[in-house]
Amino acid sequence: MHVRSEFAEDLPVTDGDCGKAMLKRLANGACRDIDGKPHVYYDGYWIKYYDPPAENLEAKKHLIQALTRRLFNHVEHGLNIPGIRLDEARRAYERETDPERKRVAGAMLAGALFNRAADIFTKVVELQELGVEIVPDDALLEQCGKCLMEAMKLGRMVRHRSGDEGLDELWGEPLKAFSIPVEDFYESRYLKIAQTMLEIDRIADAMVDTFADEGLFRGIEAWIRELADAAKDKCETLRTDPVIFEVWPTFIVAGERLSRLEPKLPRHASEEHTRLAKRAVTLIRDGVSLIQDIARARVPMPKSTQEYTDRCHCFHLAARKIPRFCRSSSKVMTSRIHPLPETTRMAQRGTGD
């Protein structure tokens, strides 16, 4: 159970602009109902709160199974190797000498280790249901932990399904769920969701700073903010929540609308203008894809985010050389060098901001 912080008691959460001083009064873990729904505060964001499941092996089994399914859903294809083929996967990894092929073989071994751990944990729970006493230092639980630990170490070889970046934090979640109390795991997820929301806002800010005042894409700021808000809603909403039938379509449609935007070029635009406009369309669509990937994984992707904001910065520099694309702002350049402090990005989740 999250403890309500005394610092949050007198904070008017419906205020649109709380200010830095008020933000500092909030402690992580502060709870408050917003629009009749429980929310918890972490690092500048009010996040929808869900009661954690009971603390028992059955709950851990379902949690580890869910995390493992989610893991395979976000990483590169071909890694969901059944646990029964663990020895095969290990031999293939050990005999491989080509570095690129060995990376893939290591990722496949990690997948087999995850599935072996899930198989063991499932059988342990079944034994417990039959009345067999399972102690914390049980040999099967120890073997399960070793499989998860080895899989996590191999996680550096695994890439996101887009191929752009590894997801070490996502890869380590099943081990974390196995190793710590369920309630503590849920608390760590809220912190990770807040970090993910901050990264979504940073990408959206870079897109707005890059494209909003060029005249190429009229009204684009509203479309970008709509996607960012929908992505943050997606981050905080469990798929078992009935509201997912509203949240998911909104999230998908917001991305589709932004990706369909076409530049409004002058009738006699130069080749240079046209090339830069095409580059802008590619950059916008890549930003949409990155926000969607991050929101679905619910973990930050700092390498991909940095690369994307660097590309926005390079586009900004190129656009300044063409009068039609002159900018009145240099926020893209400065925000890349000086990341925004966490306390400057507070979102009143659930208030419609």
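Bear in mind that the values in this text are calculations on the coordinates, not laboratory data. Keep in mind that what you see is a predicted model, and the values were worked out from it rather than measured.
Please list, in order along the stretch 184-195, the HN-Hα scalar couplings obtained from phi with the Karplus expression 6.51 cos²θ - 1.76 cosθ + 1.60 (θ = phi - 60°), rounded to whole Hz, x for Gly and Pro.
5, 5, 4, 5, 5, 5, 4, 5, 5, 5, 4, 5
Could you pull out every residue, at least 5 positions away or on a different chain, whose amide H is within less than 5 Å of the one on H160? Hs are placed 1.01 Å off N in the peptide plane, and Pro or chain starts have none.
E165, G166, L167
Return the sequence-ordered ³J(HN,Hα) values of the stretch 38-49 in whole Hz as given by the Karplus equation 6.51 cos²θ - 1.76 cosθ + 1.60 applied to θ = phi - 60°, using x for Gly and Pro.
Per residue, the Karplus-derived 3J(HN,Hα) values read x, 10, 10, 9, 9, 6, x, 10, 8, 10, 4, 9 Hz.
Subtract the Cα-Cα distance of E272 and D35 from 0.36 nm times their separation in residues, and report this length gain in nm to one decimal.
Contour length minus the Cα-Cα distance gives 80.3 nm.
Under the rule of at least 5 residues apart or a separate chain, name every residue whose amide H is placed under 5 Å from the amide H of H39.
R32, D33, I34, Y49
Could you run the Karplus curve 6.51 cos²θ - 1.76 cosθ + 1.60 with θ = phi - 60° over the stretch 92-97 and give me ³J(HN,Hα) per residue in whole Hz, x for Gly and Pro?
Coupling constants for the stretch 92-97: 5, 5, 5, 8, 6, 10 Hz.
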